[in-house]
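The values are calculated or read from the model by the stated rules, or taken from the named source; none is laboratory data. Since the model is a prediction, treat every value here as computed from it, not as a measurement. Because the Cβ atoms are built from the backbone with ideal geometry, glycine has one as well, and the counts that use them run over all protein chains shown. Areas reflect the complete protein model, heavy atoms only, side chains present, ligands, DNA and RNA absent. Shrake-Rupley method; radii C 1.70, N 1.55, O 1.52, S 1.80 Å.
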Amino acid sequence: MVRRIDTDHTRFREIVRGRIKKNLKKFVSSGEMIGKRGDRYVSIPIPQIQLPKFRFGKNPKGGVGQGEGEKGDAVDGQENGSGEAGDAEGRHVLEVEVGLDELAEILGEELELPRIEPKGRKILSSLGGRWKGIRNVGPQSLKHFKRTFRQALKRQISAGTYDPENPVIIPIPEDRKFKSRKEEMIPQANAVIIYMMDVSGSMGKEQKEIVRIEAFWLDTWLRSQYRNLEVEYIVHDAVAHLVDRETFFHLRESGGTKISSAFELCDRLIEQKYSPLEWNIYPFHFSDGDNWSSRDSEKCVRLLKERILPCVNQFGYGQVKSAYGSGQFKKDLDAALGDDERVVTSDIPDRDGILASIKDFLGKGR
Amino acid sequence: MGNLTPELARIHEEVRELARTYGLDTFDVIFELVDFDELNMIAAYGGFPKRYPHWRFGMEYEQLSKSYAYGLSKIYELVINNDPCIAYLMRSNGLTDQKLVMAHVYGHCDFFKNNAWFAHTNRKMMDAMANHGTRIRNYMDRYGVEVVEDFIDRVLSIDNLIDIHSPYIRRESKEEDGSEDLEIPRLRAKDYMDRYINPPEYLEAERKKMEEARAGNLRFPKEPARDVLRFLLDHAPLERWQQDVLAILREEAYYFAPQGMTKIMNEGWAVYWHSTMMCRHLVRADEVVDYCDHHSGTLGTRPGQINPYKLGVELFRDIEDRWNRGAFGLEWARLEDSEDRRRYDVGAGLGREKIFEVRKVYNDVTFVDEFITPEFAEDQKLYVYGFNQRTGRYEIVDRDYRKVKAQLLWSLTNFGQPRILVVDANHNNRGELYLWHDWNGVDLQFRMAESTLKNVQALWGRPVHLETREEGEPRLLTFDGKSFSFLEIGGSREPGETVGQAAEGEGGT
């Protein structure tokens, strides 16, 4: 019997996929489920449809919280603390912690991400292997008695020679089953992510936050695909610097923007530290699409084509929309390198766009 | 009814007995033991397994199932305001959890039965919902799933435009039709002078003036209507089945509204009773750790958020303590020193009695307004936070209890949603619907408002307007069935504006 909820659920999925009720498609957004990892809360994407209602816009007033802290201390966690009181029924929900691996798995499932094939030589190593296979031929010493007898039992039952009163089972040679070793291959590959970000004045707080969330998920996914993952951070305005993670997400400069400076540094980094023979390399560059001059953009394309792309698995460019950004750089890249499958460019209009963009970046399985 | 294991049935018996001795007054409580998938399903339907079909229940189900499957969260308990009160227990929960949930449910059930805001809810909602389901299914069979569902979507988009106080208002049975004679005010004069001071021509002119004034007053609706759903039900050009569906959805909205109005109290009350019953009676020594783990999980707070369970139970405990000490009334209120107020004790012993009274007549707004004291805000470490433009982050702004209270009240009033009323159903004398947003300092989310207005227009059939403000400046958002306009409307004597001001006075905001 079909349960009612299954009907409703199917309908919901079809709307999300845009098959029916296309008028609702624009209200589909990525909602989130909040999971807890250690002390940090992470949000797990899940599609939802929000019917339009008369609601307040962003409440500049803030809200009420509970806990320690002095005037002026930052409040982390949810920003819409005392939003509207829900009318959910007397439900009582507890939250549980999730591991990083599970998060990656959830992400992979939600976005239907393909697993990544490490490039180059199939650098696989055998992990001893385990006895988990069954074969019809093999040495006597590896005979699997249980399976052999089970096979014999099946044969006798189907042949009608099995007598439950007198359960004697006699295997014949065709019944024999043997254990076999299954070699477990684990990727021995190393990977490095090189994040580059424009920190010039036009990239605001919100833009950086988007990059931060996006980077968290990229990290999480790639970490689940590679045994050893290094991460490097490069910031640039008119000049580029190698920085640590903390600085990367919080630095704010006011200079101009010369994207080539970051690409040059990235190239040097690959040359010095990450030989493409041993590393799967993933450079990601985030900016709002403004560059100093079209000449510099041409230089970027040249750098990519000649130096960076031959070394990397994939080069990702995420263009975060800002009030000032022209968005020109993505157009330039697409025009020059659009048909190169090692290059993925993605628009991230706002937080809701993060998921789609992660899918852009990781969906190719490179 | 009920499918408890003998062991759970015995515990239920024990909890029921305890609840009775403590004076909790509930409908009969029936516990159903279900597995996680059934529970997710029932929860997705808001507790009513036989509800009408709609995709949003499927969405809810997906979220619940996923977060259960990924181990993010699980529902422990689900209780329905109904007579008998139905509650669901998850089969896989440990015995300690089941005890706790049962005790918790008795708290909720007492609240449902006794709190004044639930007095007008339908106590046979289980049946009513099933009935609604059948009716809507029939319409779907007759008119097509898509058509009916689209209509439901439209109505759901405005199902927060109801008047939560309307079940309590006794209305005049018959509206005056205004045909009674007009008393024309005369100028004062001695009898023999009257003919000269109030000549017939003058009286006639006065009468005309008054009739004209009255004709101008024949605005429809006479009073701004807060129950927009009701207004549309009565006056929008709907087909029979559409009226019925609208009435169904409106009824359900009114049924759920009190739960939104009493979230803090209802949860606080339930926590108060589960902790009382568990700690004093039900927990065995080997269950203490499990109980504490669950209980503290329920009451945990996060920065930047208010946990209704925590705030509610702490307020009830504080009230109990104050009334036990007699720390209320003029004498206590006049104490200026906070230490004096804390130490004040005349041994009144009225705590229990008081909290029972509170659970009867208050809702979250009045509860928070009346019982958050400076000492309470301090002990609970409550603060107001706001966005700091300079640092670009949310920061603690103040710990003053008045500010905390004001902020809380702001977010609780009208469920933290904008108040929108129908002020004129014949705008421009063209049958256009004029809605008025009672702007209180925070703007609407305009993109959403457009889509919502579109839904209202689809129901009303004629152009619809919404008067609101953007950063304090009056604006008029209009959708005429084809396109939107968003106009500045300063200064002009728009009919909506004048009525709007009248409504402001009426609302007392």
So how strong a dipole does segment B:26-140 carry about its Cα centre when Lys and Arg Cβ are +1 and Asp and Glu Cβ are -1, to the nearest 20 debye?
360 debye
For A:A159 and B:R390, extending 7 Å from Cα along the Cα-Cβ vector and measuring point to point gives, in nm, a value of 9.2 nm
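Arrange the peptides B:127-136, B:337-346 so that the one whose residues have, on average, the most other Cβ atoms within 10 Å appears first.
Working: B:127-136: 17.7, B:337-346: 12.4.
Final packing ranking: B:127-136, B:337-346.
Report the full-extension gain for the segment A:R135 to A:E230: residue separation times 0.36 nm, less the Cα-Cα distance, to one decimal in nm.
30.1 nm
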So the B/A interface buries, both sides summed and with a 1.4 Å probe, an accessible area in Å² (nearest 100) of 8200 Å²
Relative to chain B, whose Cα atoms define the longest principal axis, helix B:446-460 and its Cα axis are tilted in degrees, nearest 10, by 70 degrees
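So for each of A:218-229, A:269-280 I average, over its residues, the number of other beta carbons within 10 Å; can you give me the resulting order with the highest mean first? Numbers along the way, then the final one.
On the way: A:218-229: 18.2, A:269-280: 15.8.
In decreasing order of mean packing, A:218-229, A:269-280 become A:218-229, A:269-280.
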In this model, which of B:K99/B:K360; A:K258/A:K330; A:K53/A:K359 are farther than 22 Å apart at the alpha-carbon?
B:K99/B:K360; A:K53/A:K359
Segment A:303-366 to segment A:8-26: how many Å between their Cα centroids?
29 Å
Can you list, bin by bin at 10 Å, the percent of alpha carbon pairs in chain B, starting at 0?
3, 14, 22, 23, 18, 11, 5, 2, 1, 0, 0
What do you get for the angle between helix B:95-114 and the principal long axis of chain B? Use alpha-carbon atoms, 0 to 90 degrees, nearest ten.
30 degrees
C-alpha long axis of helix B:401-412 to longest principal axis of chain B, angle in °
70 degrees
Kindly provide the helix-only [θ] at 222 nm of the protein assembly as shown, computed as the sum of -39,500 (n - 2.57) over DSSP H runs of four or more divided by all residues, to the nearest 500 deg cm²/dmol?
-13500 deg cm²/dmol
Roughly how much of A:S322 is accessible, in Å² to the nearest 10, using a 1.4 Å probe?
20 Å²
Heavy-atom accessible surface of chain B: percent carbon and sulfur, 1.4 Å:
49 percent
Hey, if you put +1 on the Cβ of every Lys and Arg and -1 on every Asp and Glu Cβ in chain B, which of B:P258, B:L246, B:T301 ends up farthest toward the positive end of that dipole?
B:T301
Averaged over B:61-67, how many beta carbons belonging to a partner chain fall within 10 Å of each residue's beta carbon?
6
B:E357 paired with A:D339, simple spin-label distance in nm, labels 7 Å along Cα-to-beta-carbon
8.4 nm
Would you work out which of B:L330, B:Y344, B:L311 lies farthest towards the positive end of the dipole of segment B:305-344? Charges go on Cβ: Lys and Arg +1, Asp and Glu -1.
B:L311
For the protein assembly as shown, what proportion of DSSP beta bridges, expressed in % and rounded to the nearest 5, is antiparallel?
60 percent
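Which order, highest average first, do B:3-10, A:192-199, B:26-33 follow once you tally other Cβ atoms within 10 Å for each residue and take the mean per peptide? Walk me through the intermediate numbers first.
On the way: B:3-10: 12.8, A:192-199: 25.1, B:26-33: 18.2.
Those peptides, ordered most packed to least, come out A:192-199, B:26-33, B:3-10.
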For segment B:242-257, just list the computed ³J(HN,Hα) in residue order, Karplus coefficients 6.51, -1.76 and 1.60, θ = phi - 60°, integers in Hz, with x standing in for Gly and Pro.
5, 4, 5, 5, 4, 5, 4, 5, 5, 4, 5, 4, 5, 5, 7, 3
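Using unit Cβ charges (K, R positive; D, E negative) and no other charged atoms, how large, in debye to the nearest 20, is the dipole of the protein assembly as shown about its Cα centre? Walk me through the numbers before you get to the answer.
Values: 126 positive and 143 negative charges, 697 e Å.
Here the size comes out at about 3340 debye.
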Percent RCO, i.e. relative contact order, over chain B, from Cα pairs under 8 Å lying at least 6 residues apart
13 percent
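Taking the Cβ of B:D227 as the center, what net charge do the other residues with Cβ under 9 Å away carry, scoring Lys and Arg +1 and Asp and Glu -1? Walk me through the intermediate numbers first.
Details: positive: B:R226, B:R230, B:R250; negative: B:D163.
Spelling it out: positives minus negatives among the neighbours equals +2.
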Determine which residues of segment B:257-281 fall in the zone a paramagnetic label at B:C292 would reach in this model, i.e. backbone nitrogen under 17 Å from the point 7 Å along Cα→Cβ.
B:275-276, B:278-281
Hey, which lysines would be in cross-link range of A:K146, C-alpha to C-alpha under 29 Å, not counting anything within fewer than 8 residues on its own chain?
A:K132, A:K154, A:K177, A:K179, A:K182
Summarise the partner chain shielding of A:11-21 as one whole number: the mean count of Cβ atoms from other chains within 10 Å of each residue's Cβ.
4
Using the crude model of +1 on Lys and Arg Cβ and -1 on Asp and Glu Cβ, and no other charge, please compute the dipole size for chain B relative to its Cα centre, in debye to 20.
180 debye
Can you work out the Karplus-derived ³J(HN,Hα) for every residue in segment A:193-200? Use 6.51 cos²θ - 1.76 cosθ + 1.60 with θ = phi - 60°, whole Hz, and x for glycine or proline.
9, 10, 8, 10, 9, 6, 10, 5
Please report the spacing between the Cα centers of segment B:397-443 and segment A:187-259 in Å, no decimals.
43 Å
Tell me, for chain B, which Cys residues have no other cysteine's C-beta sitting closer than 4.7 Å.
B:C279, B:C292
Residue by residue through segment B:337-350, which ³J(HN,Hα) values in whole Hz follow from phi under the Karplus form 6.51 cos²θ - 1.76 cosθ + 1.60 (θ = phi - 60°), with glycine and proline marked x?
7, 5, 5, 4, 5, 5, 7, 3, 8, 10, x, 5, x, 9
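By the scheme Lys and Arg +1, Asp and Glu -1, what is the net charge of all other residues having a beta-carbon under 11 Å from that of B:D25? The partial results should precede the final answer.
Numbers: positive: B:R20, B:K113, B:R359, B:K360; negative: B:D110.
My count for the surroundings of B:D25 gives +3.
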Roll a 1.4 Å probe over the protein chains and send me the accessible area per residue for the protein assembly as shown in Å².
49 Å²
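Considering every residue in B:399-410, what mean count of other chain Cβ atoms within 10 Å of its Cβ is obtained? Working shown, then result.
Working: counts 3, 0, 0, 0, 1, 3, 1, 2, 7, 3, 1, 5.
Mean shielding by partner chains, rounded to a whole number: 2.
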List the residues whose amide H sits under 5 Å from the amide H of B:E32, counting only those 5 or more places along or on another chain, with H placed 1.01 Å from N in the peptide plane.
B:A87, B:Y88, B:L89
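Pull out the extension gain between B:S92 and B:K482, defined as 0.36 nm times the separation in residues minus the alpha carbon to alpha carbon distance; nm, one decimal.
Working: separation 390, 0.36 × 390 = 140.40 nm, distance 5.40 nm.
Gain in length upon complete extension: 135.0 nm.
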Between B:E432 and residues 5 or more places away or on another chain, which pairs have amide H atoms under 5 Å apart, with H built 1.01 Å from N, and which residues are they?
B:H427
What distance in nm separates the simple spin-label points at B:E375 and A:E306, each placed 7 Å from Cα in the Cβ direction?
7.9 nm
Spelling it out for A:I20: with amide H atoms placed in the peptide plane at 1.01 Å from N, the residues 5 or more places away or on another chain with amide H under 5 Å from its amide H are A:I15
